[in-house]
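Some notes on the structure that comes next.
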Amino acid sequence: AQSVAQPEDQVNVAEGNPLTVKCTYSVSGNPYLFWYVQYPNRGLQFLLKYITGDNLVKGSYGFEAEFNKSQTSFHLKKPSALVSDSALYFCAVRDMRGGATNKLIFGTGTLLAVQP
Amino acid sequence: KAGVTQTPRYLIKTRGQQVTLSCSPISGHRSVSWYQQTPGQGLQFLFEYFSETQRNKGNFPGRFSGRQFSNSRSEMNVSTLELGDSALYLCASYDRLGGNTEAFFGQGTRLTVV
C-alpha cells in the first residue's frame, strides 16, 4: 500500500535555530513527493517537490528537503526558523496506481511551533 | 493570474440537507481534485476531474458526488448531510492530469453540519 508517515504531531523550535520536519513514505516505484504548508483557516500552499534528480530540493521561503531513497524519507528542513514559519506542514506522495492521476496521499501533518 | 476560488467560504447546514460547493480552478487548468480535511481523518481524497470526466474517486459514500463543467469549474454535492460531514473541503487545481506538477489549492469551504 502507498502511504506517508509524519511521526511527529508537533515540533517545537526556537527562532533562529534549524528545524526539521520528518516524513517517510512507502510507494511502489519511484515516488513523486511534495511538501505543503497550511496556515489557520487557509488552504494548502506548495513548498517544494521531488520528482527526480538532486536529492536536495530547494523550495519557497528558505525551505529545503532531502530525499533519501534508502531510508525512504523526505525530511523538510530550514537552517534558521522564523516565528512566521509556525503552521501545519503536510508531506504528500502522488498515488501512482491506476494510471494517470493527480491524487495525493497525505501524511497526518506536523504542527510546527517556533518560539520567539 | 487569479488563484483557485472556492465558494462559499463558510456554510452551516442542518442534518439531512444537501449542499453544493463550487471551485473555479486557475485559468487554463483542466484538472480539479477535491479533498476533505477533518481533525480525525486528516486530508482524504474525494475525487478528481479532467475534461469534464471523473477520473478517480476516493472511498466516500455515494452521498458525495461531483461534476466538472466545460470551463473546468467544478462542483461537489453532498446529500443527506450527517454531522460527520463537517469539515474543510479543499479544491486543488492542476494544469494537466498525471504529470509531475504541484497542486494549487483554494482556501477551502468550511462546512458545519448541525
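The values are calculated or read from the model by the stated rules, or taken from the named source; none is laboratory data. Quick caveat: nothing in here was measured; it's all calculated off a predicted structure. Note that we place each Cβ from the backbone using ideal geometry, even for glycine, and neighbour counts take in every protein chain shown. Accessible surface areas use protein heavy atoms only, side chains included; no ligands, DNA or RNA. Shrake-Rupley method; radii C 1.70, N 1.55, O 1.52, S 1.80 Å.
A simple rule links phi to the HN-Hα coupling: the Karplus curve 6.51 cos²θ - 1.76 cosθ + 1.60 with θ = phi - 60°, which for the range B:97-114 gives 10, x, x, 9, 7, 8, 7, 10, 9, x, 7, x, 10, 8, 9, 10, 10, 10 Hz, with x for Gly and Pro. Name the residue, out of B:41, B:17, B:68, whose mean-square fluctuation peaks in a Gaussian network model built on chain B with Cα pairs under 10 Å. Among B:41, B:17, B:68, the largest mean-square fluctuation in the Gaussian network model of chain B belongs to B:41. The local environment of residue A:86, defined by Cβ-Cβ distances under 14 Å, has a net charge of 0 under the rule Lys, Arg +1 and Asp, Glu -1. Compared with the rule-of-thumb size 2.2 N^0.38 Å for a compact globular protein, the range B:23-105 has a Cα radius of gyration ratio of 1.06. Under a 10 Å cutoff between Cα atoms, tell me which one of B:72, B:22, B:51 has the largest fluctuation in the Gaussian network model of chain B. Greatest mean-square fluctuation among the candidates belongs to B:51. Contact-buried residues of the range B:90-114, at a threshold of 40 Å² lost accessible area versus the chain by itself: B:94, B:98, B:100, B:102, B:105, B:107 (1.4 Å probe; DNA, RNA and ligands ignored). In square angstrom and rounded to 100, what buried accessible area do you get between chains A and B, total over both, with the probe at 1.4 Å? When A and B are taken together, about 1900 Å² of accessible area is lost. Applying a threshold of 29 Å to the alpha-carbon distances of A:77/B:57; A:69/A:103; A:78/B:57 flags A:77/B:57; A:78/B:57 as lying beyond it. Listed by chain and number, the aspartates and glutamates whose alpha-carbon sits under 17 Å from that of residue A:49, ignoring those within fewer than 8 places in the same chain, are A:64, A:66, A:95, B:95, B:102.
Distance from the Cα centroid of the range B:18-60 to that of the range A:42-111 is 20 Å (rounded to whole angstrom). Given a 1.4 Å probe, how much area per residue of chain A is accessible, in Å²? With the other protein chains kept in place, chain A gives 46 Å² per residue. Heavy-atom accessible surface of chain B, averaged per residue, reaches 46 Å², computed with a 1.4 Å probe.
Counting Cα-Cα pairs of chain A in 5 Å increments starting at 0 gives whole-percent bin shares of 2, 12, 23, 25, 20, 11, 5, 2, 1, 0. Over the range B:21-67, the Kirkwood radius and the radius of gyration, each from Cα atoms, give a ratio Rg/Rh of 0.98.
For chain B, the longest piece that avoids every one of the GluC sites (Glu not before Pro) found in DSSP loops with at most 15 other C-beta atoms within 10 Å covers B:1-51. When you filter the trypsin sites (Lys or Arg not before Pro) in the range A:1-92 for DSSP loop state and at most 13 other Cβ atoms inside 10 Å of their Cβ, you are left with A:69. Give me log10 I(q)/I(0) at q = 0.07, 0.10, 0.18 Å⁻¹ for the protein assembly as shown, Debye formula, one equal scatterer per alpha-carbon, no solvent. The calculated log intensity ratios at q = 0.07, 0.10, 0.18 Å⁻¹ are -0.22, -0.45, -1.36.
Could you check the simple spin-label distance between residue B:63 and residue B:14, using points 7 Å along Cα→Cβ, in nm with one decimal? If labels sit at residue B:63 and residue B:14, their model points lie 1.6 nm apart.
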